[in-house]
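**Q** One structure is given below, represented as structure tokens, and several questions about it will come after.
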Amino acid sequence: MHGTPKLRSLRGRRVLITSGPTREDLDPVRTLTNRSTGAMGIELARAFRDVGAQVQLVLGGDLPAPWGVETLRVRSAQQMLEACEARWADSDGLVAAAAVADQRPEALAPEKVKKGDGPETLVLVRTPDILARLSAARRADQWVLGFAAESEKHLEQAAAKLVKKGLDAVLVNDVQDGRAFGAQANTLTPVTAQGPHPPLGPLAKDQLARAVVQWWAHRLEARES
Ligand code: CTP
Ligand code: CA
């Protein structure tokens, strides 16, 4: 018999979510960032909230914080890491939706750099991998979801990230033709140790976030029963 599928609850679960771009400053007026807005992470925060989870959102970028979600605003990758580390022990799971800048300028100039001042090349250093660090520090009862946007071999790359960062699932977006960033409808394919799952979407970001939450709640339920 077919009917409306049962809506799964995550009542009382504590979920830590990273979202948005990070910003890495060069001087008081210049910054390195990316085109992520944080919209998907905000929709995920809402979707987890709506099934009863206690959400803590660590948010970069300019979008307003969602109602009913404890939100901490951060700027750099280092700040995002510190905010997450302070909250990780009290969380049941992590959803890493942030578009973290992989590099930052080696030096932060205290004053605005003038045209004639410096070398013409920018020296960059790696930022911390927040997802990898939290995953490495996790307890057996904690779960970790990552995201990936890939322009080629998206399933293989997602599988590689799953193993490398020790994740429960990677939700991968195929960005070949400019979808994902600001697009109306998106598709995410969950990849777990069992391989790729049927894609979620194409759906608008709010609906897609609900689909991700239901997919994961279903897996958690199966895992815990
Ligand atoms: N991530 C993170 N901290 C970083 C970089 C990435 O927490 N410094 C998280 C993202 O939030 C995402 C996942 O790791 O959930 C994958 O991000 P992605 O940029 O696809 O992977 P990278 O490991 O940075 O590899 P690359 O950019 O080279 O593909
Ligand atoms: Ca990256």
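**Q** Going by the conditions given, is Ala149 within 16 Å of ligand 2 (Cβ to nearest atom) and either among the aromatic types (Phe, Trp, Tyr) or modelled with pLDDT under 95 (or both)?
**A** Values: within 16 Å of ligand 2 (Cβ to nearest atom): yes; either among the aromatic types (Phe, Trp, Tyr) or modelled with pLDDT under 95 (or both): yes.
Criteria met by Ala149.
**Q** Just one of the numbered conditions (1) surrounded by fewer than 19 Cβ atoms within 10 Å (Cβ to Cβ); (2) in contact with a strand residue (DSSP E or B) (Cβ under 8 Å, 6 or more places away or on another chain); (3) in contact (Cβ under 8 Å) with a residue 60 or more places away in the chain; (4) closer than 15 Å to Val15 by Cα is not true of Asp50; which one?
**A** (2)
**Q** Additional query: Pick from segment 85-110 the residues that are in contact with a strand residue (DSSP E or B) (Cβ under 7 Å, 6 or more places away or on another chain) and within 16 Å of ligand 2 (Cβ to nearest atom): which of them is nearest to Arg139 (Cα to Cα)?
**A** Of everything passing the filter in segment 85-110, Ala96 is nearest to Arg139 (Cα to Cα).
**Q** Let me ask you something else. Just for strands (runs of 3 or more DSSP E) wholly inside segment 32-119: which have at least 2 residues that are within 13 Å of ligand 1 (Cβ to nearest atom), hydrophobic (A, V, I, L, M, F, W, C) and farther than 10 Å from Gly20 by Cβ? First the steps, then the outcome.
**A** On the way: elements: 54-59, 70-73, 93-96, 103-105.
Strands (runs of 3 or more DSSP E) meeting the threshold: 93-96.
**Q** Taking the residues in segment 151-166 that are surrounded by 18 or more Cβ atoms within 10 Å (Cβ to Cβ) and near ligand 1 (Cβ under 9 Å from one of its atoms) as candidates, determine which candidate is farthest from Asp92 (Cα to Cα).
**A** Only one residue fits best here, namely Ala158.
**Q** Within segment 192-205, track down each residue that is under 14 Å from Ala39 (Cβ atoms) and surrounded by 15 or more Cβ atoms within 10 Å (Cβ to Cβ).
**A** Hits for segment 192-205 are Leu203, Lys205.
**Q** While we're looking at this one, here's another question. Select from segment 56-83 the residues that are of a type in the set (A, V, I, L, M, F, W, C) and within 12 Å of the chain's Cα centre (by Cα) and write down the one among them that is farthest from ligand 2 (Cβ to nearest atom).
**A** Per the criteria, the residue is Leu57.
The values are calculated or read from the model by the stated rules, or taken from the named source; none is laboratory data. This structure is a prediction, so every number in the text was calculated from the model and none was measured. Positions of Cβ are generated from backbone atoms using ideal geometry, with glycine treated the same way; all protein chains shown enter the neighbour counts.
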